[in-house]
Amino acid sequence: MANITSALVKELRERTGAGMMDCKKALVSCDGDMDKAIDFLREKGLAAAAKKAGRIAAEGMVDCYVCETCGVGVVIEVNCETDFVANTDRFKALCRDFAKHVAVKAPADVEEMLAQPFYADETKTVNDMIGEATASIGEKISVRRFARFEPAAGLVDTYNHMGGRIGVMVELACPEVTDEVKALSHDLVMHIAAANPQFVRRSDVPSDNLEKEREVLTQQALNEGKPAKIVERMVEGRIEKYYKEVCLLEQPFVKDPDINVTKMLGGKADVVRFVRFERGEGLEKRQDNLAADIAAEQAKMKK
């Protein structure tokens, strides 16, 4: 029997895109013959993932999960190519499995997550599962990002908007987790989904951001023909308005704009941190062109 080395498994994986365990099984079955192992994987449909590696995956969903036992919260974005796949039970279950994995295994980043043995089946890595799902579903599947909050003293709450288009997670610090605090946290995550703050408080705003904003506002005031002696005062007033737009605690509360979020919380809890993921933000969407696809297929048939 041939010696199946890790280098051999790695080479097969790079050539086919199949999962690590599947590559090892294929090499064992084929007595270490690389070409036969490739054919073996192709016959099983497990090498299909490699062909899909270059596709754009900008659909998918943002899923949120909070462990009922330990209180750890996770928000994760998993992408696929079409909204049809994103709406299937199989894809949704995969997203939930990955969210639970992050909660249990606490990876530092996506790269570490992919290399970890899957929390519910340690014979496979997370990357193996993605390869299998890609081959089975027929679309490129990828984990784009995640955040994991483990509360020190308080609670983590989440909100999933429009079936996974937006996911929000917030950590609150409080002396006691009461029903009132839970209700406040629920209002808060929905506020974050709607108002899209960038920072918790004004002290979190980077100085570079603030200076850039000042420069823009100063130029705006000068372009309006305002006297130079009052421009500085105008800019400071507009900076205050900027804080109210981007800082969570200073934003008008969406359910009652007459008060800000700080007053809404009423000293019952303090915001430690939050994240807001919007599905596909910053990613290029795949543009399907039926005429071009048909022309390409016809060109292949003529060869």
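The values are calculated or read from the model by the stated rules, or taken from the named source; none is laboratory data. In this text the structure is predicted, and so the values were computed from the model without any measurement. Here the Cβ is made from the backbone with ideal geometry for all residues, glycine too, and neighbour counts use every protein chain on show. Surface areas here come from the heavy atoms of the whole protein model, side chains and all, with no ligands, DNA or RNA. Shrake-Rupley method; radii C 1.70, N 1.55, O 1.52, S 1.80 Å.
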Worksheet entry | Selection status of Ala173, closer than 17 Å to Glu68 by Cα, surrounded by fewer than 16 Cβ atoms within 10 Å (Cβ to Cβ) and among the small types (Gly, Ala, Ser) | no
Item to complete: Return the residue satisfying two criteria in turn: it lies in the stretch 261-270 and is under 16 Å from Val170 (Cβ atoms) and open to solvent by 50 Å² or more (accessible area, probe 1.4 Å), and of such residues it is nearest to the chain's Cα centre (by Cα).
Response: Asp270
Item to complete: Search the stretch 183-201 for residues that are closer than 17 Å to Pro257 by Cβ and pair each with any residue that is β-branched (Val, Ile, Thr) and open to solvent by 40 Å² or more (accessible area, probe 1.4 Å) when their beta-carbon atoms are under 7 Å apart and the residues are at least 6 apart or on different chains.
Response: His191/Val254; Ala194/Val254; Ala195/Val254
Discussion item. For the condition at pLDDT 95 or above and assigned to a loop (DSSP other than H, G, I, E, B), what is the one hit in Gly267, Gly280?
Written reply: Gly267
Fill in: Scope the stretch 201-237; condition closer than 30 Å to Ser185 by Cα and in a helix (DSSP H, G or I); matching residues
Arg202, Ser203, Asp204, Ser207, Asn209, Leu210
Worksheet item: What are the pairs, 6+ residues apart or on separate chains, where a residue within the stretch 240-254 that is open to solvent by less than 20 Å² (accessible area, probe 1.4 Å) has its Cβ under 8 Å from a residue that is charged (D, E, K, R)?
Response: Cys247/Arg201; Cys247/Arg202; Cys247/Asp204; Leu248/Arg201; Gln251/Lys244; Gln251/Glu245; Phe253/Asp187; Phe253/Lys263
Response to the item:
Filter the stretch 1-27 for residues that are within 22 Å of Ala115 (Cβ to Cβ), open to solvent by 20 Å² or more (accessible area, probe 1.4 Å) and not charged (D, E, K, R); the one that is modelled with the lowest pLDDT is Gly17
Item to complete: Can you give me the number of residues within the stretch 126-138 that are within 17 Å of Glu59 (Cα to Cα) and open to solvent by 20 Å² or more (accessible area, probe 1.4 Å)?
Response: 2
Item to complete: Considering every residue within the stretch 199-218, establish whether at least one is open to solvent by 60 Å² or more (accessible area, probe 1.4 Å), modelled with pLDDT of 95 or more and closer than 26 Å to Ala103 by Cα.
Response: no
Worksheet, complete the sentence: Within the stretch 69-93, residues crowded, with 23+ Cβ neighbours inside 10 Å and either more than 20 Å from Glu281 (Cα to Cα) or without any contact (Cβ under 8 Å) to a residue 24 or more places away in the chain (or both) come out as Gly73
